[in-house]
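For reference, the structure discussed in these notes is given below.
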Amino acid sequence: KTLYYDKSLQEALPLHSISFPAFVFESYQMAGEKELYGEVFQGRVSSNMLRQSRYVQDSDGSWWAHSGQVCYLHDGESVDKAKARFYSPVFYVDAFGGKTAVGYYKDYYLVVEKITDALGNFSEVKNFDFRTMQPKLISDQNCNLTETLFDELGMPKASAVLGKGSEADCMEGQFEFT
């Protein structure tokens, strides 16, 4: 099942409804029918446990796992602002309500520069390979660096975990083109 945003990009439309532009609000994947849980888990899993795990029960008793939401607007923004960003997502909300913010390189909205989760953990691109439009040097929450080289077709050719600079692997002697 898939729910779509309304024209304001704020609320979900009812199931089996769609509007223009058709942006997905949330998707659901069937996790199992009511009878299946009784047969497989033999009473060890209750409906309350499934609800706490953020499964959603349908009117026929089947259980669905939802994807979370893709959000195109910050609070108070208009649809025109999202349109100016080419409808690039600004954050994601997971099934438990945690927000993951997305930061883009400059104001181009072509490549993601930084991702920050609900707890403040982040991954940040320090250097892009603009020939392939992919991250070349990435820093994580602990300031560990990972570098990737790409071949002529834009496929990863070599990768090195650099640690906090020069304390681990290195890409010395490796070149993009063979």
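The values are calculated or read from the model by the stated rules, or taken from the named source; none is laboratory data. Everything numeric here is computed off the predicted structure, so don't read it as measured data. Backbone-built Cβ (ideal geometry, glycine too); neighbour counts: all protein chains shown. These accessible areas exclude ligands, DNA and RNA; they are computed on the full protein's heavy atoms, side chains included. Shrake-Rupley method; radii C 1.70, N 1.55, O 1.52, S 1.80 Å.
Taking the range 24-58, which residues are open to solvent by 40 Å² or more (accessible area, probe 1.4 Å), outside any helix (DSSP H, G or I) and among the aromatic types (Phe, Trp, Tyr)? Of everything in the range 24-58, those that are open to solvent by 40 Å² or more (accessible area, probe 1.4 Å), outside any helix (DSSP H, G or I) and among the aromatic types (Phe, Trp, Tyr) turn out to be Tyr28, Tyr55. State whether the residues of the range 95-116 include one that is open to solvent by 80 Å² or more (accessible area, probe 1.4 Å), at pLDDT 90 or above and more than 21 Å from the chain's Cα centre (by Cα). No: the range 95-116 contains no residue that is open to solvent by 80 Å² or more (accessible area, probe 1.4 Å), at pLDDT 90 or above and more than 21 Å from the chain's Cα centre (by Cα). Scanning the range 79-94 for residues that are on the phi < 0 side of the Ramachandran plot and either in contact with a Pro (Cβ under 8 Å, 6 or more places away or on another chain) or surrounded by 15 or more Cβ atoms within 10 Å (Cβ to Cβ) (or both) yields a count of 9.
Remark: pairs (first residue in the range 4-22, within 15 Å of Cys71 (Cβ to Cβ) and without any contact (Cβ under 8 Å) to a residue 60 or more places away in the chain; second residue aromatic (Phe, Trp, Tyr) and open to solvent by less than 60 Å² (accessible area, probe 1.4 Å); Cβ separation under 9 Å; 6+ apart in sequence or on different chains) = Tyr4/Phe23; Tyr4/Phe25; Asp6/Phe25; Glu11/Tyr5; Glu11/Phe25; Ala12/Tyr4; Ala12/Tyr5; Ala12/Phe25. If you go through the range 33-50 and keep only what is over 16 Å from Ala65 (Cβ atoms) and touching a strand residue (DSSP E or B) at 6+ places or on another chain (Cβ under 9 Å), you end up with nothing.
Residues in the range 1-24 that are more than 19 Å from Ser78 (Cβ to Cβ) and of a type in the set (Lys, Arg): Lys1 alone.
Cβ-Cβ contacts under 9 Å between residues 6 or more apart (or on different chains), taken from a first residue in the range 63-87 that is more than 16 Å from Gly103 (Cα to Cα) and aliphatic (A, V, I, L, M) to a second residue that is open to solvent by 30 Å² or more (accessible area, probe 1.4 Å) and part of a strand (DSSP E or B), are listed as Ala65/Tyr28; Ala65/Gln29; Ala65/Met30; Ala65/Ala31; Ala65/Tyr55; Ala65/Val56. If we keep just the residues of the range 59-78 that are aromatic (Phe, Trp, Tyr) and in a strand (DSSP E or B), which is surrounded by the fewest Cβ atoms within 10 Å (Cβ to Cβ)? Once the filter is applied, the top-ranked residue is Trp64.
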